[in-house]
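The values are calculated or read from the model by the stated rules, or taken from the named source; none is laboratory data. Every value quoted in this text rests on a predicted model; they were computed, and no experiment measured them. All Cβ positions, glycine included, derive from the backbone under ideal geometry; neighbour counts span all protein chains shown. Areas reflect the complete protein model, heavy atoms only, side chains present, ligands, DNA and RNA absent. Shrake-Rupley method; radii C 1.70, N 1.55, O 1.52, S 1.80 Å.
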Amino acid sequence: MWRWIRQQLGFDPPHQSDTRTIYIANRFPQHGHYVPQKFADNRIISSKYTVWNFVPKNLFEQFRRIANFYFLIIFLVQLMIDTPTSPVTSGLPLFFVITVTAIKQGYIDWLRHKSDNEVNGAPVYVVRSGGLVKTRSKNIRVGDIVRVAKDETFPADLVLLSSDRANGSCHVTTASLDGETNLKTHIAVSQTAVLQSVANLDKLDAVIECQQPEADLYRFVGRITINQQIEEIVRPLGPENLLLRGSRLKNTKEIFGVAVYTGMETKMALNYKSKSQKRSAVEKSMNSFLIIYLIILLFEAILSTILKYAWQSEEKWDEPWYNQKTERERNSSKILRFISDFLAFMVLYNFIIPISLYVTVEMQKFLGSFFIGWDLDLYHEETTQKAQVNTSDLNEELGQVEYVFTDKTGTLTENEMQFQQCSINGVKYHEINGKLVPEGLIEDIPDGIRPGLAPEEELFLKAVSLCHTVQINNDQADGLCDNPWHTNSIASQLEYYASSPDEKALVEAACRIGVVFTGTDGQSMEIKSRGRPERYKLLHVLEFDPCRRRMSVIVESPSGNKLLFTKGAESAILPYSTRGEIEKTRVHVDEFALKGLRTLCVAYRKFTAQEYKEVAQCLYKAKTALQQREERLAEAFNFIERDLELLGATGVEDKLQDKVQETIEALRLAGINVWVLTGDKHETAVSVSLSCGHFHRTMNILELVQHKSDSTCAEQLRQLARRIKDDHVIQHGLVVDGTSLSLALRQHEKLFMEVCRNCSAVLCCRMAPLQKAKIVRLIKTSPEKPITLAIGDGANDVSMIQEAHVGIGIMGKEGRQAVRNSDYAIARFKFLSKLLFAHGHLYYIRIATLVQYFFYKNVCFITPQFLYQFYCLFSQQTLYDSVYLTLYNICFTSLPVLMYSLLEQHVHPHVLQSKPALYRDISKNAHLGFKPFLYWTFLGFVHAFVFFYGSYLLMGEDTSLLGNGQMFGKWTFGTLVFTVMVITVTMKMALETHFWTWINHFVTWGSIAFYFVFSLFYGGIIWPFLHTQNMYFVFVQLLSSGSAWFAIIIIVVACLFLDVVKKVLYRHLQPTCTEKAQLTETGTGLSCLDSVCCVSDGETACASLRRMLERVMGRCSPARVNRSWSASEPFYTTDRSILTLSTMDSVTC
């Protein structure tokens, strides 16, 4: 705020330029006209509050919530006017809710402060005054030269100046930024790489010009101008020169770098993206119910005020002899009196709005989210990864999903690539035992004999071994491949690191076949072809980008030839190829794709001396440009990557993950539509969709692909719509590519949506990341407003994960960006079924019941107060004591519903997962719709009437209920109503509970016992700090009456009897699928005995038990047991979930 004010006044002008100028070691020009730019300091601030602004800022945020603001207004009204209840009755619950929330948020922020202080206080070394000075990280300034040692993290975004290596290169890992654990090579410009001592660096006279800070981790545009005596040397700077804060130095003793971005302007800090707040359907329903109850409150207050004045229209009731008005009251304004009375009734009935609902829901979501992380069924042993919850606000939304949008590679597949086939010069080859064998040749060649590689085969393998960004440990590069004919053992010795699994698979395959990549030093690449070492000078790397869909290297061969090797998607290589077996290769690529293989084409180009001179000059101009560098580089790359000679194509297999087919089928049975969104080519995507069960073999596959104009796309859409209408019995699957999708969404969105909705499965291929998000948004905003879930594992899935109602990241091999931006993270796609069908189903049932129950018990609480006004001339007399008003929601009725919302299992998790159709029972927010809401509200009013009039019938006719002939008074009547109410609403919660643990028993019966004990103490002692004590000895007198005990039992039974009858009738006459499953579960028993005898292992272990059960109960015959899990599926037979509290294997039995 202060900085903003300073900027507005002109004292602290913001960055005016698109670039920043950094003087290395802060050697600013000596002329007087230079004005230093203002840069951020190096402090990282992830906290939300400070000591000074915590109270006002937190209060402001909390009172933006409508319920909190409403109770604040009621509290202020109680302070300002004479109201029937004490301000404490509203103020204490409000204070409790605000305090609990503030403590929770304050604790979380304190943890952020603690983390920030550790980071900002970390020791670092900077070059100042000719030596190394130790300081704290927060003291680094832009322009400082910083020294970082091996295994240390970079404290700011640094431009690499030099390292302990002569070529100025270093290796880093960026696992904390994008999750990629492979080593990445960064280089310094040659003019600074030689400055390896502090003294030399302190003499460096150079200026860096670069772009202003931006969040893109992989983009950096700048240039360095080095003043050497009388000449200025300008060199381009790119991402390969920038060391990002948070990444770690590896395999390098030390480096020196100059800070260019610091603190909250570093790329890591700019990626602290605050995701848009997602709100669940339950929260929206809750707000709607709150508005309805607010209307009920206003109606009751207005009606009571009108009836009061209607009653007082008779003189004898307006001013009775026992309550004479003062002169001031007689002369006061009638309008002001009406407003005052209306506000007094608002205060009297305000507890119909449950203030503690929000804090209970927050606690339920926060505590309930731990169950996902604790669930061992969601733990992946191979990678030691457990499920992760990034937000607890959407737990119940997992039970409402209607559309699942999934990525393919790494989500449905393992993202573990295995080389299968290749096409070289128009001939298809297989790899058999480390040998390249032409298709059709099945004779295996003995391991000791390897045929020589043909020239075109060797050139193809050299291209594969040179055109990549794979890294290798330096100590592994030597001493290998000495025997040219025994290279299949070398692959197990070499350990390659790659950000792309495709590249790693291809380099490993080339290594097994005989062309081995043995390392790079940043300036050259070394391979061994049939045992002969060859060194290629690395001249340029043309990085891969999603637009070009290819990457290239320009190298100088040992013979001095300048060669371009390039590889990429067939659509990015074949159109630019002018020589080679293009048509044969195209056919082979299509064949590979039909087998579900991932395909890449490989090509090369030989430059003449003049051509290379033009290429080098074109690249230099593009790389040194400060403005529009990306566009100029794209033009340069297109200029270079043409007139290619096609060498061949590769096909690598990406295996399906375990139980993908079963999971997709379960999602379909649950009524969930599954869409696959992938960047792969059409044939590959269709093949994988068929193999994973997304498309069935009997399904009619419709295609909307390769359209170039609006007219053809629209005509095809109309034809598809007609085909679906004509063949409405057959299931249809739709395949659409990215280009056609863009055309379809431009002017024919409704027609496209109609076609999609009538298809059982949709596959979108060749999709850009933003197109994935656009598809999700299209379904999300359709008229039906379905709940969407997006699941993916890579950075290209982040946009759709953030767009969907629920985003799930897969902890795969493409980094952790998807996980960091998701709401939940799991290790494998198969875990999605447990997450939705068990956790999502249970979370939804729990919180739906919690919300409905809260409104129900508050209707029960406040309606007798309203009815009582008819018997006290609407004098605003309260029925309950103020302490009871205050503690009803906080103490007496809060714990049973909280424990229910954490532990309830209305159906066993095994049954929920084995019967996905049960998921349909809760779809479309079924338990929080208008009908269930009306039922719970009506039930609350009925019970309230029974409480009040049941007690009134007992005491209303001057009945003597004490042994000494005394009658009960007003406070005793109110206490009787309150006692019946506390017992009934607690027992109602007990009736709703299906899964009883000792915790449920403790809080249910303990809450009733606590109420009795508290009332005895509260009314049995004269408390000196209370001004009035209306309840003194009232509760003791009530309990001393046998009639009162009889009334309590009769009223409680009368209230709950109708509810029990309704439940029984509905279960037998109109049972839902869930209720049938409960009956099945009860009938067959989910006991250990059943679990043992119904699986093969258990049958062997407990044969006698099985035979006994067959004879006595007839429950273990396979035809009669309603089970779908088997011994081969430990996920079902031995559930280690925290939810079940006990295992179900034969050992436990």
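Listed values, structure above:
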| read-out | value |
| --- | --- |
| Percent of C-alpha pairs per 5 Å bin, the range 69-138, short to long | 3, 13, 13, 10, 8, 8, 7, 7, 7, 6, 5, 5, 4, 2, 1, 0 |
| Pair residue 65, residue 1066: separation of 7 Å Cα→Cβ label points (nm) | 2.9 nm |
| Segment residue 111-residue 926, length gained on full extension (0.36 nm per residue, minus Cα span) | 289.5 nm |
| The range 164-247: GluC sites (Glu not before Pro) in DSSP loop, at most 13 other beta carbons within 10 Å | 214 |
| Over 18 Å between alpha carbons, listed pairs 562/613; 567/774; 915/1076; 184/655; 504/537; 114/386 | 567/774; 184/655; 504/537; 114/386 |
| Probe 1.4 Å, protein heavy atoms only - accessible area per residue of the range 583-668 in square angstrom | 48 Å² |
| Computed lengthening from residue 784 to residue 591, 0.36 nm per intervening residue step minus Cα-Cα distance | 65.4 nm |
| Label-point separation, residue 746 to residue 253 (7 Å along Cα→Cβ), nm | 6.1 nm |
| 15 Å reach of a label modelled at residue 380, 7 Å along Cα-to-Cβ, counting backbone N of the range 391-430 | 407-417 |
| Heavy-atom accessible area ranking, 1.4 Å probe, most first, across 151, 545 | 151, 545 |
| Percentage, to the nearest whole number, of Cα pairs in the range 752-866 over 23 Å apart | 46 percent |
| Kirkwood Rh in Å, taken over all unlike Cα pairs in the range 807-904 | 17.4 Å |
| Long-range HN-HN contacts of residue 995 with modeled amide H, under 5 Å | 905 |
| Cα convex hull of the range 619-716, projected area averaged across orientations, nm² | 12.0 nm² |
| Where Rh is the Kirkwood radius over Cα pairs, Rg/Rh for the range 56-178 | 1.34 |
| Stretchable slack from residue 579 to residue 723, in nm (0.36 nm times residue separation minus alpha-carbon distance) | 47.6 nm |
| Distance in nm between pseudo-label sites at residue 199 and residue 758 (7 Å out along the Cβ direction from Cα) | 8.4 nm |
| Solvent-accessible area of residue 620 with every protein chain in place, 1.4 Å probe, in Å² to the nearest 10 | 110 Å² |
| Solvent-accessible area, 1.4 Å probe, carbon plus sulfur percent, for the range 733-811 | 51 percent |
| Solvent exposure, largest accessible area first (probe 1.4 Å, DNA, RNA and ligands not counted), of 1032, 107, 536 | 107, 1032, 536 |
| Rounded to the nearest 10 Å², the accessible area of residue 696 at probe 1.4 Å | 60 Å² |
| Nearest-10 value in Å² for the accessible area of residue 76, using the 1.4 Å probe | 70 Å² |
| Sequence of 556, 396, 703 when ordered by accessible area, the most exposed leading, probe 1.4 angstrom | 703, 556, 396 |
| Förster radius 35 Å - calculated FRET efficiency between residue 541 and residue 37, Cβ distance, rounded to 0.05 | 0.60 |
